[in-house]
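Participant: One structure coming up, written as structure tokens, with questions to follow.
No lab work stands behind these numbers, since they all come straight from the coordinates. Keep in mind that what you see is a predicted model, and the values were worked out from it rather than measured. With ideal geometry, Cβ positions are generated from the backbone for all residues, glycine too; neighbour counts draw on all protein chains shown.
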Amino acid sequence: MRRPVLTWLAAASLLAACASTPSSFTYSVPQQPEAASGFTAKPGWATSKFAVAAANPLATDAGYQVLRAGGSAVDAAIAVQMVLTLVEPQSSGIGGGAFLLHSNGRNVEAFDGRETAPAAADERLFLAADGKPLAFYEGVVGGRSVGVPGTVRVLEMAHREHGRLPWAALFQPAITLAENGFRVSPRLNTLARADAHLKKDPTAAAYFFQPNGEPLAVGTTLRNPELAAVLRRISREGSAAFYQGDVAQAIVDKVQKHPTNPGRLTMADLAGYQPKKRTPICHDYRAQSRDYRICGFPPPSSGAIAVGQILGILNNTNAAALPLENGLPSAEWLHLYTEAARMAFADRGQYLGDPDFVQAPAGNWMSLLDPAYLASRARLIGAQSMKTAQPGTPGQVASRYAPSPEQVEYGTSHISIVDGYGNAIAMTTTIEDQFGARQMVRGFLLNNELTDFSFAPADAQGRPIANRVQPGKRPRSSMAPTLVFDKGTGELVMSGGSPGGALIIHYTAKTLYGVLNWGLDAQRAIDLPNFGSNNGPTTLEQNRFPPAVVQSLQARGHEVRETDMTSGLQAIQRTRGGLFGGADPRREGVVMGD
């Protein structure tokens, strides 16, 4: 058994009580972490049979114990998500949504658990009385921004098809930790301290903060009996316990009765929520004389298309001939990457939205990944930065939509799992901004996912924006859970993804490029400094690039901004000896497996 080389996870006979058959499961509480936040170097973890990577060691451990007990990748994902609801409430939870990409070794499926707009929402939801868009946090904080949560129901759908352990058993780790308590992590403490809005909700203030207004100290044992009660009911009764009855009523009351910013969510919205299975976005990619098949999540996510466009455009330049310089991407390579990214984000703003409401360009989302189209886009890259790219015309069909203005995106968590049965998942899960809408009910936080819609419904000429608010619609996302396969054999190469709002696209593309093109292992690829452009300035991770790189980019016409780029990448790759997992040194995640 190979486990993280971290003393706070070393526990003798951790799983002595676990049954060996996939019909029973007993959870053992591990020693709990008190690792520092910030940038903490991680070794990467080699395993032979299975592996799970998640953003918090307690969540990773729950998934690990499920896999050891004979559970599937989906089983482990459910256990991980429920623990993340408790220990990483700022990023994801049962009050939010998720995209789950699943492979059984033969087929890839996309389970869409994205939140939806209430039936009473309309395109003026985020407009002030004067008709102008609200400021971002005027929309976020309160009930207005809360979409119908999808996480519980999409996990239930996936479990019906791919679960091996009983549904109820998978909630035991989170229930146990919620009742007995877990130690507040450095990241939870740091984000609570920095948040200007969480204390405005009396329920959240009483849970996350001390009476003197200070956030709970790192290492404080925090219990959540209300969440334990909700999870116990869901474990017994299924998703109906969440979407109907008194839990649903508590959610609706919280949204509709907010004193200054009420929302439009109803009991009927909750009861009627349905997850969807969609066709994944899969495309070919060639690197280092090897052919791959990269699969990601389709719209309403923009992640897979944008990542695929960036990689495809780069493959029509001389980027492949540019190695790392002193372990870092060169200025020339960064120029090519960020120009490709500008064009991908221009197309994203022009075309991407919920496919049940928005028509794909030329009638097919794959038109945005057509090799001839990407080659034509690559020819637009010159010696100097274009600064702001214009959207292209895939399929030579003009769009009737207006370009969407760039808008803030935050939050999220990522889970990658490979089990011992040949299944793999990449699941990105979110409540959007940190601490979501800052509304706590029954021990969990509600999402602010509706702010992923464009606040403005149309441009100055009255042309509609594809990602505008409409009733029952799913907001555009940047989440990019990704599975990579060898094109010839179909064998899994890697599962990966990241949180980070719109920057998820860059974090994921960086990791894919590092592994497939530069030959790095998953951990070293994750460790690379972050970078990108969302069709504006070129953004570089603070203090990670030498001045010469910055100056070279500026000489090419780039407006360079250096800032914190806190990715939360998780990745598991298949190796000749088994599996190798990496977790982002910028967050608290680890990888575990046998």
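Participant: Let me understand the stretch 384-487 better: what is its radius of gyration from the alpha carbons, and its Dmax, in angstrom?
Facilitator: Calculated on Cα positions, Rg and Dmax stand at 18.3, 56 Å.
Participant: List the residues whose amide H sits under 5 Å from the amide H of Ala128, counting only those 5 or more places along or on another chain, with H placed 1.01 Å from N in the peptide plane.
Facilitator: Leu134
Participant: Give or take rounding to whole Å, what are the principal axis extents of the alpha carbon atoms in the chain, in descending order?
Facilitator: 61, 60, 46
Participant: How many angstrom separate the Cα center of the stretch 64-130 from the Cα center of the stretch 440-458?
Facilitator: About 14 Å separates the Cα centre of the stretch 64-130 from the one of the stretch 440-458.
Participant: Amide H of Leu445 versus every other amide H placed in the peptide plane: which residues, excluding those fewer than 5 positions away on the same chain, fall under 5 Å?
Facilitator: So Leu445 has HN proximity to Gly95.
Participant: Filter the DSSP H helices in the chain by two things, a Kyte-Doolittle mean of at least -0.5 and an axial alpha-carbon span of 24 angstrom or more, and list the hits by number. List each step's numbers first, then the result.
Facilitator: Working: long enough: 331-351 (30 Å, -0.45).
The qualifying helices are 331-351.
Participant: Another one. Where does each of 232-239, 130-137 land if you order them by average Cβ count within 10 Å, highest first?
Facilitator: Descending packing order for the listed peptides: 232-239, 130-137.
Participant: Taking only DSSP H segments of four or more residues, each worth -39500 (n - 2.57), what value at 222 nm results for the chain once the sum is divided by all its residues, to the nearest 500 deg cm²/dmol?
Facilitator: It comes out at -8500 deg cm²/dmol, rounded to the nearest 500.
Participant: For the stretch 279-401, treating each Cα as an identical point scatterer without solvent, what Debye log10 I(q)/I(0) comes out at q = 0.15, 0.17 1/Å?
Facilitator: -0.68, -0.86
Participant: What is the percent of Cα-Cα separations in the stretch 443-500 that go past 13 Å?
Facilitator: So the portion of pairs separated by more than 13 Å is 73 percent.
Participant: Taking the number of other C-beta atoms within 10 Å as the exposure measure, put Asp195, Asp527, Asp347 in order starting with the fewest. Present the calculation step by step, with values, prior to reporting the outcome.
Facilitator: On the way: Asp195 18, Asp527 21, Asp347 27.
Ordered by Cβ neighbours within 10 Å, fewest first: Asp195, Asp527, Asp347.
Participant: How would you rank Met386, Met82, going from fewest to most other Cβ atoms within 10 Å of each one's own Cβ?
Facilitator: Met386, Met82
Participant: Something else about it: What span do the alpha-carbon atoms of the stretch 93-137 cover on each of the three principal axes, reported in whole Å from largest to smallest?
Facilitator: 54, 19, 17
Participant: Follow-up. How long are the semi-axes of the equivalent ellipsoid of the stretch 553-593, taking √(5λ) for every eigenvalue λ of the Cα gyration tensor, in whole Å from largest down?
Facilitator: Values: eigenvalues 221, 46, 5 Å².
Equivalent-ellipsoid dimensions as semi-axes: 33, 15, 5 Å.
Participant: Also, I was wondering about something else. Using the Karplus equation 6.51 cos²θ - 1.76 cosθ + 1.60 (θ = phi - 60°), what ³J(HN,Hα) coupling, rounded to whole Hz, does each residue of the stretch 431-436 give in order, writing x for Gly and Pro?
Facilitator: In residue order, the calculated couplings are 10, 5, 5, 4, 6, x Hz.
Participant: Related question: Under the rule of at least 5 residues apart or a separate chain, name every residue whose amide H is placed under 5 Å from the amide H of Met386.
Facilitator: HN-HN under 5 Å from Met386: empty list.
Participant: May I ask you to order 245-256, 565-576 by the average number of other C-beta atoms within 10 Å around their residues, highest value first? Don't skip to the end; give the middle numbers.
Facilitator: Numbers: 245-256: 18.2, 565-576: 23.0.
Final packing ranking: 565-576, 245-256.
Participant: Let me ask something additional. Which three extents, in angstrom, do the Cα atoms of the stretch 143-248 have along their principal axes, listed largest first?
Facilitator: 46, 33, 22
Participant: Quick one: 3J(HN,Hα) in Hz for the stretch 443-455, Karplus 6.51/-1.76/1.60 with θ = phi - 60°, rounded, Gly and Pro as x.
Facilitator: x, 9, 9, 8, 6, 10, 5, 5, 6, 7, 6, 5, 5
Participant: Stokes-Einstein diffusion coefficient for the stretch 489-538 at 4 °C in a medium of 1.567 mPa s, Rh from the Kirkwood formula over Cα pairs: what value in µm²/s?
Facilitator: After rounding, the answer is 111 µm²/s.
Participant: Provide, in order from the shortest bin, the percent of all Cα-Cα pairs of the stretch 374-433 in each 5 Å bin, continuing until the bin that contains the maximum pair distance.
Facilitator: 4, 10, 13, 11, 11, 13, 18, 12, 6, 2
Participant: Among Ala502, Gly488, Val469, pick out the residue whose Cα is farthest towards the positive end of the charge dipole of the stretch 456-533, where Lys and Arg carry +1 and Asp and Glu carry -1 on C-beta, about the Cα centre.
Facilitator: Val469
Participant: Taking every pair of alpha-carbon atoms in the stretch 230-333, what share in percent sits in each 5 Å bin, from 0 to the bin with the longest distance?
Facilitator: Reading the bins upward from 0: 2, 10, 12, 11, 10, 10, 9, 7, 7, 9, 11, 3, 0.
Participant: Over what distance in Å are the Cα centres of the stretch 270-289 and the stretch 484-523 separated?
Facilitator: Between the Cα centres of the stretch 270-289 and the stretch 484-523 lies a distance of 15 Å.
Participant: On a C-alpha basis, how far is the centre of the stretch 361-436 from the centre of the stretch 179-247 in Å? Whole number, if you could?
Facilitator: Cα centres, the stretch 361-436 to the stretch 179-247: 34 Å.
Participant: Here is a follow-up. For Tyr513, Tyr243, Tyr421, Tyr351, what's the fewest-to-most ordering of other Cβ within 10 Å of each Cβ?
Facilitator: By the 10 Å Cβ count, ascending: Tyr421, Tyr243, Tyr513, Tyr351.
Participant: Counting Lys +1, Arg +1, Asp -1, Glu -1, what net charge surrounds Gln542 among other residues with beta carbon under 10 Å of its beta carbon? Could you put the intermediate results ahead of the total?
Facilitator: Values: positive: Arg544, Arg561; negative: Glu541, Glu562, Asp564.
Once all neighbours under 10 Å are counted, the net charge is -1.
Participant: Right, here's the next one. Through the Karplus equation 6.51 cos²θ - 1.76 cosθ + 1.60, θ set to phi - 60°, convert the phi angles of the stretch 289-298 into ³J(HN,Hα) values in whole Hz; use x for Gly and Pro.
Facilitator: 6, 10, 9, 10, 10, 9, 10, x, 8, x
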